[in-house]
Structure formats: C-alpha cells, structure tokens
1. What is the local net charge at Ala49, summed over the other residues whose Cβ is closer than 11 Å to its Cβ (Lys, Arg +1; Asp, Glu -1)?
2. Tilt of helix 39-64 relative to the longest C-alpha principal axis of the chain, in degrees (0 to 90, nearest 10)?
3. In degrees between 0 and 90, to the nearest 10, how far off the longest principal axis of the chain does helix 6-28 point, with axes built from Cα atoms?
Amino acid sequence: MSGLAAYQGRVVAEKAELDGKLTALVTFFASPVFAGLDGNEKNRLSRQAVAMQAYSSILGERIAVFTCPEEFR
C-alpha cells in the first residue's frame, strides 16, 4: 500500500477485514446451522449483515477518494 498515508492504509486494511467477515457471514446463511437457529437470532444476524454492508460501503467511499491503485478500492 505504498503511496498511502498510514491512516489510509489502515482504512484499506479495515475494509478488507470487514469484507472477509461479511463474506463469511453471508456464507453462513446457507448453512444447516443457520437454518436451525431461532428466528430472532436469524433476524439479528441478517440485520448485522446489512449494517456490515453499509459500513463497508462507507469505507469504500472513503477509499475511493484516496490516491491509490484500483485493486485497493
């Protein structure tokens, strides 16, 4: 992440970590374990995924204005 300020590198890393967790959560939605959960817990996890997606989008907007290679956006 050369060419980025230290805080910008942290934002890029934070988004990558968040996106990995979001991918894992969405994958979990298709699992038998998720299918067996109480409806209230399914709802909480679904709302968590929505919040994580919103957070990721905001980080993406921030990154979009950084001067950095496209692969980090």
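1. Summing Lys and Arg as +1 and Asp and Glu as -1 gives +4.
2. Computed tilt is about 10 degrees.
3. 20 degrees
A short reminder: the numbers here are calculations on the coordinates, not readings from a lab. A quick note: this is a predicted structure, and the numbers were derived from the prediction, not measured. Cβ sites come from the backbone with ideal geometry, for glycine too, and all protein chains shown count toward neighbours.
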